[in-house]
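J.: The structure follows.
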Amino acid sequence: MTRQPSQKTGTVHHIKERKTMAKIQKHDYLMKVSNNEDGWNTIKEMRANAKECGSSYRLVLRGSKPKTPWGNRPSIPLDEAQEIRIYIRPKANVSYENPRAYDGVYDGLVQRNRDLMDELQRVNDRNYELRTRIEKSNRHTFSEEHENYELRKDIKRIKSEMIDTLSYLQTKWGE
């Protein structure tokens, strides 16, 4: 509700108007009919119309306002009720989806799943191939490093022996 400049807020009229706008439905039944011949004729007519148009809903009847004091119960047997509440509920065996809306979708999903599984297998094969290459290169690198270490160790030993030999020769011949 938009307020125009000339309207006053907070008056009794506006408060009642807001309450009626915000009124929350208390019951979920469609309507009440009297538990007499006219009420039952209304129910029969409603059921006939629903059946005629092939409705996917059914009418559910509940009694209310007991003829004799009955206590606090949500539903009264129809033969003991003064009024009958009429509820509309979906039929249990009705599917609300368009059955042709999914034609071919399942087959498409199965094919998509197969394609994805094939792609996953190709990726796993490629992953295995790359891991194998890395392991081979690591082993090769390790063996080369080990070989280089041995060569450096031999070179150091030879160098040390040459220095020892040179110093021996210098001391013996350098005199």
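J.: Residues of the stretch 50-67 being open to solvent by 50 Å² or more (accessible area, probe 1.4 Å) and out of contact with any Ser or Thr (no Cβ under 8 Å at 6 or more places or on another chain), which ones? Spell out how you get there, then give the answer.
T.: Narrowing the stretch 50-67 to residues open to solvent by 50 Å² or more (accessible area, probe 1.4 Å): 51-54, 57-58, 62, 65, 67.
Lys51, Glu52, Cys53, Gly54, Tyr57, Arg58, Lys65, Lys67 - these are the residues of the stretch 50-67 that are open to solvent by 50 Å² or more (accessible area, probe 1.4 Å) and out of contact with any Ser or Thr (no Cβ under 8 Å at 6 or more places or on another chain).
J.: Give just the number: which of (1) out of contact with any helix residue (DSSP H, G or I) (no Cβ under 8 Å at 6 or more places or on another chain); (2) open to solvent by 100 Å² or more (accessible area, probe 1.4 Å); (3) at pLDDT 60 or above does Lys32 not satisfy?
T.: (2)
J.: Only residues that are at pLDDT below 85, hydrophobic (A, V, I, L, M, F, W, C) and either outside any loop (DSSP other than H, G, I, E, B) or open to solvent by 90 Å² or more (accessible area, probe 1.4 Å) (or both): list them for the stretch 83-125, please.
T.: Those that are at pLDDT below 85, hydrophobic (A, V, I, L, M, F, W, C) and either outside any loop (DSSP other than H, G, I, E, B) or open to solvent by 90 Å² or more (accessible area, probe 1.4 Å) (or both): Ala92, Ala101, Val105, Leu109, Val110.
The values are calculated or read from the model by the stated rules, or taken from the named source; none is laboratory data. Remember, it's a predicted structure, so these values are computed and weren't measured experimentally. Glycine gets a Cβ as well: all are built from the backbone with ideal geometry, and neighbour counts include every protein chain shown. Surface areas here come from the heavy atoms of the whole protein model, side chains and all, with no ligands, DNA or RNA. Shrake-Rupley method; radii C 1.70, N 1.55, O 1.52, S 1.80 Å.
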